[in-house]
Structures are given as C-alpha cells and as structure tokens.
Amino acid sequence: MLRRKRLVPLEDRGPLRVLFVLTSMPVGGQETLTVELLRRLDRERFAPELCCLKQLGPLGETLASELPAHAGLLAGKWDIRVLRRLVRLMRRRRIDAVVTVGAGDKMFWGRLAGWLAGVPAITSALHTTGHPDRVEWLNRRLAPITDAFIAVAEAQGRWLAEHEGCPAAKVRVIPNGVDLRRFCPRPPSRALGEALGLAAGAPVVGIVAALRAEKNHPLFLRAAALVHRELPQTRFLVVGDGPERPGLEALARQLGLAGVVRFLGMRADVPELLRLIDVAVLTSHIEASPVSLLEAMASGKPVVATRVGSVEEAVLDGRTGYLLPPGTADPLARRIVELLGRRDRGAAMGRAGRRHVLARWSLDRMVAGYQDLLAGIYAAKAAGGTAGRQPLSPPAAPDQVGLGWDRPPR
C-alpha cells in the first residue's frame, strides 16, 4: 500500500485543486461541455486545471488563457514515460482530485498517476456508450482505485455497470448541461439565411453531429432525398466535420442533393443555425446523451431521432419529437415531412422540448453535480473513509505498463 498523507478537512482548507485529463481538446460536444464545466466551477471551492496528454487543441488553447493548462506529456501510444510526467505534475500542482474525460489512454494514465501521486479523489467521466469508446481490459483493471465513474444518463450508467466493467456502486449519473441563455427560441437571422442560400420561408432540416461513422449520416442523406422528392423546396444543413465528409459529399451528389444539402463544417454560430431550421434530426447508431439534441430542444425545435442509447431520456416520443429505429430512411422521412407540413404541431413539440430541457439539462445542474461529487469524495477521505476506493496491487514495472491494451478479459 502507498502511504497517504492526512488530509485537511474540507471546511478548514482552500479550494480543491481539480485536474481534468484529456488527450486533446478539438471542437466537439464532449470537449465543449468540459470547457463550460471548468469555467463555471465555483472558484471559492474549486481551482480547476487542464491537462491534455498530447496537444491542447483549439478549445484547450482557449482555456489556457483562463486557467493553468498543461500539454505535451504523451509522445505516442506506447510512451510509458507519460506516467512519471503525470505523477510529477500532480505532485507539483498539489492536485486534490483528478477527472479523466473519456476512455482510452487518458483514462488509464490519468487514474494510475493520480493513485501513485496520492491524489485523494480519482474519477472518470464517460460521455459515450460502447464503440468507439469502450472501456478496455487494462482500464477495467483500475476500477479498484477509482472513486466514481460519471455517466451522463441513467441508461448509460446501467450500460457502464453491465457491459463496461464499472462497479455499479461507483457509477454516478450527472446529466449533460445546456447553456439555456445561448440556446433559446429567437427569430432567425435573415442575413445568415441569405448567406447560406436559404430562400425566405423555405423548409430547413438540420443535423448537428461530428461526421463519424457512428453518427450514421448516410441515413440522414437518404431521408433527405425522400423529403426533397416530396417537398422540393426543402434545404438541409449538415453542421460538423470529420473523417466521413468526403464520402458523405459524394453520396449527396449521387442522391441528387447537390445544392440542396449544405455541408457547413465546424461552426461557432450553432445557436443561430438552429434558429434557421424547422426540424432537428439525429440518425446515430449509438449515443449516450447527445448534446446537439438538447441544444435543439432548448432552442424550441422539434426533433426526429433514432431510438438508441439514452436518447429516449431526452426525446419524449410524440411529445417533444419522434423516435424511430435506426433502420431505413422511409419512416424518418415521413416524420420529417409530417412536421414540415404541420408547423403548429412542430411548434408545440418545440415548446414542450424547451420545458423538458429546462427541468433537467441545465448547465447549472451539471456543474452542481460535479461539485457535490468531488467535494463529497474528498470530505469522506478527510474523515477517514475510502469513498468506495479499494486497494490495488502494485502496478506492473514501467516497461510492462501498456502491454496487452487490447488483450481480452481472462
């Protein structure tokens, strides 16, 4: 067992020093939420810091001007020297709590370094369900030294316990949050619509999602072709970027949607874009708690989405939008056409969606969840408890750490 220092009681000390560990911070839903969380933590209670094992990325560079940020600790997948660097960093910065964000390398190295450095609270936030962010065998081995696994929805929490090796007693659900001041019902910008080539009054359907395979954009495009056949004036906005973009642009041309679908890439004006659309769509194969749907609902938009993961916790079928199996395009297209043809129905669903998000998915509620969890773990440790952590046998020698990353469970 490693010898631990006696902790100062929470009420007798200054702010808890919390280190958030990621690989990098490109523009994405998970990373954007992390930015909001770090910015909104109560500075009288918490002193947040950022650690990106590789490069900071665009969002990390933005945060670096606001709080302590560290990067460049991991040269490659098998760079085991990252462990020593992380331990030194955590000791030098006197870190009180570690939050790893996502599965993979940061989840492994961040927790192991925290344990070796004697960090009182070690937690892992997991924003997705299953592929591509599975909790692999080596990460499961560190469950005993982890105080909490943070899920973003009830269904995802059950999945983590039943399929990802996270002990059920350590799973905590903290729903994602939406900035309800930025994402709110407002009149659309006529100038933005003109800049995007959208005719006044023309129906607009949009999807906001990274262009990755699990988001299943081909289903969206095939549904768009069916909708366009029935309502030729409809235009479609694809907001986001990623490795699938070239293939998706080619598919749009094959479907006769050139000039009908606008691939907008990454945008900083998502709230304004959402105000232009009439129906928000998400066609994913898998999801945990997609922030883009919550943002659309907060903006007063009806949604049509696939019934996967925890989506049905956000979308109330028939009340705030429609849920469909992740199969063929025909049912998806029919629901979109229905909402475009019955604007009163869509508006009522949009209002219900806004109320639903207000009740559960505010940023304030998400931040409070993290603050209560981290403070509670530290307080329990300071009082002599373990907050659920179990002892771990000594780790493998440094030249063995990381071997067998993809080895199946025994």
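Read-outs: derived from the displayed coordinates by stated rules, not from any lab. The shown structure was predicted, so the numbers you read here are calculated from the model rather than taken from an experiment. So basically every Cβ, Gly included, is an ideal-geometry build from the backbone, and we count neighbours across all protein chains shown.
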Study note, to complete from the structure: Taking 0.36 nm per residue of separation between Arg94 and Gln233 and subtracting their Cα-Cα distance, the length gained on full extension comes to 44.1 nm
Study note, to complete from the structure: Unit-weight point scatterers at every alpha-carbon of the range 190-360, Debye formula, q = 0.09, 0.11, 0.12, 0.18 1/Å: log10 I(q)/I(0) is -0.25, -0.38, -0.46, -1.14
Check your understanding: How do 82-93, 17-28, 241-252 rank on mean C-beta neighbours within 10 Å, highest first?
Key -> 17-28, 82-93, 241-252
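Distance cut-off 26 Å, Cα to Cα: go down the list Lys215/Lys301; Lys106/Lys301; Lys54/Lys170; Lys54/Lys301; Lys77/Lys170; Lys170/Lys381 and report the pairs above it. Let's see the in-between values first.
On the way: Lys215/Lys301 20 Å; Lys106/Lys301 36 Å; Lys54/Lys170 29 Å; Lys54/Lys301 37 Å; Lys77/Lys170 28 Å; Lys170/Lys381 15 Å.
Among Lys215/Lys301; Lys106/Lys301; Lys54/Lys170; Lys54/Lys301; Lys77/Lys170; Lys170/Lys381, the Cα-Cα distance tops 26 Å for Lys106/Lys301; Lys54/Lys170; Lys54/Lys301; Lys77/Lys170.
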Check your understanding: Rounded to the nearest whole Å³, what is the per residue volume of the convex hull around the Cα atoms of the chain?
Key -> 142 Å³
**Study point:** Ordering of 302-315, 161-174, 40-53 by packing [mean C-beta count within 10 Å, highest first]
**Key:** 302-315, 40-53, 161-174
Revision key, fill the gap. Label model pair Asp372, Asp317: point-to-point distance (7 angstrom along the Cα→beta-carbon line) in nm is 3.1 nm
Study note, to complete from the structure: Taking every alpha carbon pair in the range 1-94 and sorting the distances into 5 angstrom bins from 0 up to the bin holding the longest one, the percent per bin comes out as 3, 12, 21, 21, 18, 14, 8, 3, 0
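Over the range 84-151, what is the relative contact order in whole percent, taking alpha-carbon pairs under 8 Å and six or more residues apart?
On the way: 99 pairs, mean separation 23.9, N = 68.
Worked out over the range 84-151, it gives 35 percent.
Have a look at the DSSP beta bridges in the chain and tell me what percent are antiparallel, nearest 5.
Numbers: 1 of 47 bridges.
Expressed as a percentage, antiparallel bridges in the chain total about 0.
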Point to revise | Amide N proximity, the range 73-87 versus Leu67 label position 7 Å along Cα-to-Cβ, cut-off under 20 Å | key: 73, 86-87
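Treat the count of other C-beta atoms within 10 Å as a stand-in for reagent exposure and order Lys5, Lys215, Lys54 from fewest to most.
On the way: Lys5 7, Lys215 25, Lys54 19.
With the fewest neighbours first, Lys5, Lys215, Lys54 line up as Lys5, Lys54, Lys215.
Taking N as the number of residues in the range 273-358, what value does Rg over Cα atoms divided by 2.2 N^0.38 Å take?
Numbers: Rg = 11.5 Å, N = 86, 2.2 N^0.38 = 12.0 Å.
Ratio of Cα Rg to 2.2 N^0.38 Å: 0.96.
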Exercise for review: Just need the relative contact order of the range 190-360 here, percent rounded to a whole number, with Cα pairs under 8 Å and 6+ apart.
Suggested key: 23 percent
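Averaging sequence separations of C-alpha pairs under 8 Å and six or more residues apart, then dividing by the length of the chain, give the relative contact order as a whole percent. Please report the intermediate quantities before stating the final value.
Values: 774 pairs, mean separation 70.0, N = 410.
After rounding, I find 17 percent.
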